[in-house]
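Engineer: Before I ask anything, let me first share the structure, which is written out below as structure tokens.
The values are calculated or read from the model by the stated rules, or taken from the named source; none is laboratory data. Note that the coordinates shown come from a computational prediction; the quantities given were computed from them, not determined experimentally. So basically every Cβ, Gly included, is an ideal-geometry build from the backbone, and we count neighbours across all protein chains shown.
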Amino acid sequence: LSNNLMYQNNINKILDNQQGVANAQERVTTGEKYLTTSEAPAAISQAMLYSNKIQTNEQYTKNIDQLNGRLETEESVLQSINSNIQQAQELTIQAGNGVYTKDDLKTFASELSGIQQTLANLMNTRSEDGKFIFSGYQDSTQPYQFDSAAGEYTYNGDQGQHQITIAEGVSIKASDNGFDTFEKTNARLNVESNTASVSGSITAASVYVDGQAEFDKFHQANYNADPTALATANIYSVLVSPGATATDPQTYEIYRDGAALTPAVTGEVTDEPIDFAGMKIEFEGTAPGQLDFSLEKPGKENVLNTLQSLITGLNDGTLEGDDFQQVLADGLVQLQNASEQVVFTQASLGGRMNALERVSDSNLALDIQNKSNRSNLVEVDMAEAISELTKQETALQASQATFGRLTNLSLFDYL
């Protein structure tokens, strides 16, 4: 009985040491401090929360990579668009220097047509997943198409902007729609018609904007945009009156909606045009008479249609003098406005890219912290684990050696 008990105790010891070696080996292999939840339920539960945070952060990292790719694509496209607009500006300025023939102007029109096509392709750019980047939420719809019936390019997207979540509670716009980027471009401020209405002894009259900056200030300060205003609210009149005597010059005074301006705008009629608020006013006929013109309602025009008007004007062949200069003026002002609108979008895009970089850095730091916290809770210290494995192996070897010696003992050894 004594021998059997000794054998059983030693066998149990060996089995315990074998289990100790197996557990130590598994900890080294898996890197986990605890092999069952019951060993440290609180630590393992907390570690699972950190694991969930790490997985969520991995998804945020994928979102960041996707968003960064989209924003970089858009940045490159906008830069190309702005470069093409600037090239169109240069050609328009060249076309207006007065030394080119009609055939030369048609050559300019051909170059502008090429730029227009390039811009149309850029404004219809697709993302890496085949979606149109400037269509808003309607990203399966081509944003810009030429309407042959209307003779202009129309925007077919909407005003939506996709967003991508890149951190808890943080979403960043992943796109800019064509409405905000291209359709909000201000058209050149102008008068409704360069041909004024005439009455009395005035037989013909024209009004052209030839001082754009001065006219812009005047228009912005005086245009009545109230929808309930009278239809005549933006009509200006030049009343031409005979001189006090037959030898005195004729005079003029400018009215708005039938009332004299304050302070009064008056002058003598000469052979030179009347210069008023950046406008050049000319008329034929004599006093008494009146000419009327209206301020045009402010509008918007995308760059493709601005180029379309320029191309049409340069190909016309019949436009001369002030009429030709008006076509160029429309083009130059609107190309500049289009460029500024693109630059504004680029600035917004740059701000988002900076925010993305900051959040990415923050997510990386948070990921490192979460992994560190999880490691401290449930991941084994490898040096310590290897040391424990060596200790368990040594204990097993010692148990096996002791058991071997004990099994060889006999009473006959002592006789």
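Engineer: Are any residues in segment 287-343 among the basic types (Lys, Arg) and over 24 Å from the mean Cα position of the chain (by Cα), and if so, which ones?
Structural biologist: LYS297, the sole residue that qualifies.
Engineer: Another question, if that's okay. Could you list, in sequence order, all residues of segment 234-260 that are of a type in the set (A, V, I, L, M) and either part of a strand (DSSP E or B) or surrounded by 15 or more Cβ atoms within 10 Å (Cβ to Cβ) (or both)?
Structural biologist: Correct list: ILE235, VAL238, LEU239, VAL240, ILE254, ALA259, ALA260.
Engineer: Filter segment 145-167 down to the residues that are farther than 16 Å from LYS300 by Cα and not in a loop (DSSP other than H, G, I, E, B), then identify the one that is farthest from the chain's Cα centre (by Cα).
Structural biologist: ASP147
Engineer: Regarding ALA24, is this residue surrounded by 14 or more Cβ atoms within 10 Å (Cβ to Cβ), in contact with a helix residue (DSSP H, G or I) (Cβ under 6 Å, 6 or more places away or on another chain), modelled with pLDDT of 70 or more and not charged (D, E, K, R)?
Structural biologist: no
Engineer: Please go through segment 135-166 and give me each residue that is surrounded by fewer than 18 Cβ atoms within 10 Å (Cβ to Cβ) and hydrophobic (A, V, I, L, M, F, W, C), ordered by number.
Structural biologist: Across segment 135-166, the qualifying residues are PHE146, ALA149, ALA150.
Engineer: Has segment 197-212 got at least one residue that is hydrophobic (A, V, I, L, M, F, W, C) and either assigned to a loop (DSSP other than H, G, I, E, B) or over 21 Å from GLU272 (Cβ atoms) (or both)?
Structural biologist: no
Engineer: Also, I was wondering about something else. Tell me which residues, restricted to segment 181-230, are polar (S, T, N, Q), surrounded by fewer than 18 Cβ atoms within 10 Å (Cβ to Cβ) and in contact (Cβ under 8 Å) with a residue 60 or more places away in the chain.
Structural biologist: Answer for segment 181-230, where residues must be polar (S, T, N, Q), surrounded by fewer than 18 Cβ atoms within 10 Å (Cβ to Cβ) and in contact (Cβ under 8 Å) with a residue 60 or more places away in the chain: ASN186, SER193, ASN194, SER197, SER199, SER201, THR203, GLN212, ASN222.
Engineer: Which one of the conditions (1) over 22 Å from ASN337 (Cα atoms); (2) in contact with a Leu (Cβ under 8 Å, 6 or more places away or on another chain); (3) not aromatic (Phe, Trp, Tyr) does LEU230 fail to meet, given that it meets all the rest?
Structural biologist: (2)
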